[in-house]
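To keep things clear, I will list the structure first and then write my remarks on it.
Values in this text are rule-based calculations from the coordinates and carry no lab data. As the structure is a prediction and not an experimental result, all values here were calculated from the model. As a convention, Cβ positions derive from the backbone with ideal geometry for all residues, glycine included, and neighbour counts pool all protein chains shown.
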Amino acid sequence: MVQVLAAAWALFLGLMLLMVGNGVQGTLLGIRGTLEGFSTFQMSLVMSAYFLGFLGGSRLTPRLIQRVGHVRVFAALGSMTSAILVLYPTLAEAWVWIGLRVMIGFCFSGIYVTSESWLNDAVSNENRGKALSLYVIVQMVGIIGAQGLVVLGDPSGFVLFVLPSVLVSMAFLPMLLTASPTPHFQATKAMTLRELWVISPLGCVGTFLIGGIFSALFGMASVYGTQAGFTVPEITLFIALIYTGGLLMQYPVGWISDRMDRRILILAVAALGGASALAGAVAGTVFLPVLVAAFLVGGTANPLYALVLAYTNDMVEPEKMAATSGGLIFINGVGAVAGPVVTGWMMSAAGPEGFWLYIACLMLGLSGYAVWRMTQRRATVTVEDTAPYAPITPAASPVAVAAASEVYADNVEDVVGESATLPTATRGNG
């Protein structure tokens, strides 16, 4: 881990600043939108717009990079991001914010693709797994730290919008001034949805539902907090605990997943998340139980993505893993676009508790679907033949997910090399 940090500290520093800037604007908009008198439905559209832009950016940025290169794409998207962040308070109209959120989602997606390309190129096959672990830590710590910055200013003012703009601008300095050469970029082609469904129905359903869960947590948590009547420090603590849970539980879940049938673990983790969300709904606006629910829901939602990704890649041959992951990213993105809109509708109908009820429905739905899939087919991949879990979050770009696929593929090839040939019958129909 120390060796990875020493080799790519400038990239990690830049990524940390990016995550802090993105974390500040994500929380701040939910609070400021309420102060501006936006309805819950309007805020759900604003938050959903980010994920629509993010999905588009993940598809189009690779083409831009191939046409004009990393540096130009990086600089253009960074400049646009900094400008958009300071436009929010000056153009406080819901429909304007929706357009700005589409644009900033596109920009952040492109920035992540570009910066993660540099990071992926800076590490070797031997330490790529450690680099992914460190990257997850940087992502989570950045968002957690962002919550502390939100309480430093007045959400109704201008300064808190300038702060993430400055942080994002500063993030480019260590990346662009590093001695690392511009990486070679090769876009990953995704499988068709039909092919993915044949490989792993549980993987398709799981990534779609997790996309909806994550976007609700990232986009609507601050909206929920304002509806529940929490103060700004309480809202930031609530959001910080969601990501603290995701950080602390990522590695125990990964350790367990390498030692048991991953379908059973998906079932258990999703059931725990669903039960925790139901407890949050029952708690209503009682702050302490809500904090416990936030920690547990965040601690189950974040590892679930990596767990479902690892399980799905257990079903395919190493040379198809990158294409499989590319398709799963698209499915996850579609779920993420829908998440805030459905959450906003449920909050309008049921009050703040609708936030928890939405998450509970998706978590328990995933758990139930995992049970049903287990009745359709017994486990065909032994624990010894599974690739080690690679930590990754639902916010990762296709580059980071492709790096995780390389970790899976390398380890599967090592296992196959040690135990002769892996029978074809052991893979597919997950």
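Remarks
- Here the peptides 347-359, 281-293, 301-313 are ranked by packing, the mean other Cβ count within 10 Å, and the order with the highest first is 301-313, 347-359, 281-293.
- Backbone N atoms of segment 151-169 closer than 13 Å to the 7 Å Cα→Cβ label point of THR231 belong to residues 151-152.
- Around LEU52: net Lys/Arg minus Asp/Glu count, Cβ-Cβ under 12 Å: +2
- Using the average count of surrounding beta-carbon atoms within 10 Å as a protection proxy, the listed peptides 156-164, 234-242 rank, highest first, as 234-242, 156-164.
- If the segment from LEU60 to MET80 were pulled out straight at 0.36 nm per residue, it would be longer than the present Cα-Cα gap by 5.6 nm.
- Ranked packing of 249-260, 74-85, 209-220, most packed first, by mean Cβ within 10 Å: 209-220, 74-85, 249-260
- Charge tally in the Cβ shell below 9 Å around ALA92, where Lys, Arg are +1 and Asp, Glu are -1, ALA92 excluded: -1
- Global form of segment 25-77, assessed from the alpha-carbon gyration tensor, a/c cut-off 1.5: prolate
- Segment 47-175 shape via C-alpha gyration tensor axes, a/c threshold 1.5: oblate
- FRET efficiency for GLU317 and VAL159, using Cβ-Cβ distance with R0 set to 51 Å, rounded to 0.05: 0.45
- Normalised convex hull volume, segment 179-314, alpha-carbon set, Å³ per residue: 162 Å³
- A full extension of the chain between VAL71 and ARG259 corresponds to an added length of 63.4 nm, given 0.36 nm per residue minus the alpha carbon distance.
- Cα gyration tensor shape for segment 192-258, rounded if a/c is under 1.5, else prolate or oblate: oblate
- Paramagnetic label zone (point 7 Å from Cα along Cα-to-C-beta, VAL166; backbone N under 16 Å) in segment 73-87: 82-83, 85-87
- Percent of Cα pairs exceeding the 11 Å cut-off, where the set is segment 272-313: 61 percent
- Subtracting the Cα-Cα distance of ALA94 and LEU248 from their residue separation scaled by 0.36 nm leaves 51.9 nm.
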